[in-house]
Amino acid sequence: MITKIKNKFFSLYNAVTSSIGFLPSVIALSFLIFSFLLVYFESIGLSQYLRSNTSLWLISDADTSRTVLSTLIGGIISLMVFSFSMVMVLLNQASSNFSPRLLPGLITNKRNQIVLGFYIGTIIFNIIVLLIVLPTNDDQSLKGFSVLIGILLGICCLGMFISFIHGISINIQIDNILNGVYTETKRRLNTLLKRERNNNFNSKNSENWQSVHCHKAGYFNKINIDGLKEQMDVLETNLKVIPTLGKYILPKEEVFLSSKELDEEAQKTLLDFLLFDGKTDPSNDYVQGINQISEVGVRAMSPGVNDPGTALITIDYLTELLAMRMELDDAEFYPSESENYLLELETVNFKEILYSTLVAYRQYCKHDVLLMEKLLQLLQYLNQQPVCTGEYEKVVQEQKELMKMDIEDHITNEKDRKYLYQYL
C-alpha cells in the first residue's frame, strides 16, 4: 500500500513539475502570499508610520491610487497578451520551418515561464491592493506603501518585457535553438558518463529469468529508480528493464525480467514503478536530443527548405554527441539499497543510433558533395576515438560501406567521387 502511494506521488510530482504552468503558478502564489502579508502590515499602520517617519514618496490620495492601480492592471494584462502572442508565433515558425519535435523544449523555456509568472503575480498583487484602497482619504484607507510596491512591480514588468523581446529575437534563430538542444543533450550524456565511471557492474546472465508483461499501452517516459532499488531488497531479486525510454509499449509486451519467480501482486507492484504517457517526453533521454538535431538537419535538406548550412551545423553537433555515446555501455546499472541486487536498464545501442541518424541524412544528402564529405568526416572522427575497437569499429566500417555505395550511385562527377574516397 505504501509503495503504491509513493508511486502515485512520484507520478503526480512528475506530471505537475513538467507542466508549463507549474513555475508561473508558484510565482503567482508567492505574489499572492506577499500581498496578504503586506495587507496585514498595512492594517497595523505601516503606511502611516512611513509617512510620518521617512521622506519616502507615498501617494496620499485614494482616487489617484485607485486610478494608478487600475491602469497598471489593464496595462500588464495587455502586455501579457502581446508577449505570449509572440510566443505562439515563435512556436508556429519553429514547427513549420525546423521540426515539431523542438516545440516541447521551446514551450518549457524557463525564461518565458518566469516572465508569465511575474506578469500574473503583479496583476494579482495590484488587484488585492486595489480592493483594500477605499475611496476615502482618511489615514486608515490610504495604503501608500502597497501602492508604491505595485508601481515598482509594474516598472519591473516593463523591464522584463524588454528582456522578453530580446530573448524571443534570439530564441527564434535556428543556431540558438540547435545549440540549446545540443547543450542539454551533452549535459545528459556527461551525467551518464560520470555515473558510469563510478560504477563497476556487469550484465548478469538473464537467460532463465521470469518475464513480467505490461497490461497497458503508452510511451515509456520515466522510471522510479529509487523506488525500484528499495523494492529489489524487499523482493530479494535482480531486475532487468527491457524497453528503452521513449519506446511505445504495447499490451502484454515484456517489460521486466526477474531473477526470482514473482507472484502476480509483486509483478503489479513492479509495473507501478514505470510511468507511461500518451506522448514522448524528450527531456528524459539523450537519444531524443540526438533525434531532434538530426530531424532539423534532414528537414533543412528537404526540397521545400533547402538549407545546407543548417544541415552542416547539425552534423557538427552530432559528431561530438555520437563520440560521447561511444564511451557509454549499452546498459545502465543501479545497485539496490543494500547493494545485494542489481537493476539493469536497457538503452538504445550505438549501432542503432548511428544507423538511424545517418540513414535519414543519406536520403537527402547523397547528391550533395559537401554534406557527404561532412558525414564521412563524422565517421572518420568516430573511427579515431580510442574506444572505437571491436564491435564499434565494425559498426563504423559498415556505415562507410553504405556511404561508398551512395557515392557510387549518386555522385556522377568522377573527380568528386575521388575527392570523397579519401575519407573511406
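No value in this document is a laboratory result; all are computed from the given coordinates. Remember, predicted model here, so these are calculated numbers, not experimental data. Virtual Cβ from ideal backbone geometry, glycine too; neighbours counted across all protein chains shown.
Return the distance in nm (one decimal) between the two label points of a simple spin-label model at LEU152 and MET86, each offset 7 Å from Cα along Cα→Cβ.
Between LEU152 and MET86, the simple spin-label model gives 2.6 nm.
Under the rule that an exposed site lies in a DSSP loop and has at most 12 other Cβ atoms within 10 Å, name the longest stretch of the chain with no GluC sites (Glu not before Pro) of that kind, not counting the sites themselves.
The segment 1-206 is the longest one with no such site.
What 222 nm value per residue comes from the helices of the chain, counting each DSSP H run with n ≥ 4 as -39,500 (n - 2.57) and dividing by all residues, nearest 500 deg cm²/dmol?
-21500 deg cm²/dmol
What's the extension gain from SER30 to GLU337 if we count 0.36 nm per residue and subtract their Cα-Cα distance?
Contour length minus Cα-Cα distance gives 106.8 nm.
Report the FRET efficiency, 1/(1 + (r/R0)^6), for VAL234 and TYR355, where r is their Cβ-Cβ distance and R0 is 41 Å, rounded to 0.05.
My answer for the efficiency is 0.55.
Go ahead and run the numbers for FRET between ILE77 and ARG187, Cβ-Cβ distance against an R0 of 45 Å, rounding to 0.05.
0.75
Going down the list LYS222/LYS268; LYS229/LYS394; LYS268/LYS351, which pairs span over 25 Å between their C-alpha atoms?
Cα-Cα > 25 Å for LYS229/LYS394; LYS268/LYS351; rest within.
Can you tell me how region 203-282 classifies by the Cα gyration tensor, rounded, prolate or oblate, using a/c under 1.5 as the rounded cut?
In terms of gyration-tensor shape, prolate.
Shape of region 315-388 from its Cα gyration tensor (a ≥ b ≥ c, root eigenvalues): rounded if a/c is under 1.5, otherwise prolate when a/b > b/c, or oblate?
Prolate, since a/c reaches 1.5 and a/b exceeds b/c.
Set Lys and Arg Cβ to +1 and Asp and Glu Cβ to -1, take the dipole of the chain about its Cα centre, and tell me which of ASN199, ASN238, VAL39 lies farthest positive.
Checked the options; the winner is VAL39.
Pairing the Cα long axis of helix 369-383 with the longest principal axis of the chain, what angle in degrees results, from 0 to 90 and rounded to the nearest 10?
80
Quote the charge dipole size of the chain about the Cα centre in Debye, to the nearest 20; the model charges only the Cβ of Lys and Arg (+1) and of Asp and Glu (-1).
For the chain, the charge dipole is close to 880 debye.
Which chymotrypsin sites (Phe, Trp or Tyr not before Pro) does region 345-424 hold that lie in a coil by DSSP with at most 13 other beta carbons within 10 Å?
Taking region 345-424 and a limit of 13 other Cβ atoms within 10 Å, no loop chymotrypsin sites (Phe, Trp or Tyr not before Pro) are found.
Hey, with R₀ at 51 Å, roughly what FRET efficiency would SER302 and SER203 work out to, going by the Cβ-Cβ distance, to 0.05?
Plugging the Cβ-Cβ distance into 1/(1 + (r/R0)^6) gives 0.80.
Pull out a ≥ b ≥ c, the square roots of the eigenvalues of the alpha-carbon gyration tensor of the chain, then state rounded if a/c is under 1.5, prolate if not and a/b is larger than b/c, and oblate in the remaining case.
Note, shape of the chain comes out oblate.
Between ASP263 and LEU134, what is the label-point separation in nm under the 7 Å Cα-to-beta-carbon projection?
Reported label-point gap for LEU134 and ASP263 is 6.9 nm.
How much length is gained on full extension from ASN383 to VAL39, taking 0.36 nm per residue of separation minus their Cα-Cα distance?
Extra length available between ASN383 and VAL39 comes to 117.1 nm.
In region 138-242, what chymotrypsin sites (Phe, Trp or Tyr not before Pro) fall in a loop by DSSP, with at most 15 other Cβ atoms inside 10 Å?
PHE201
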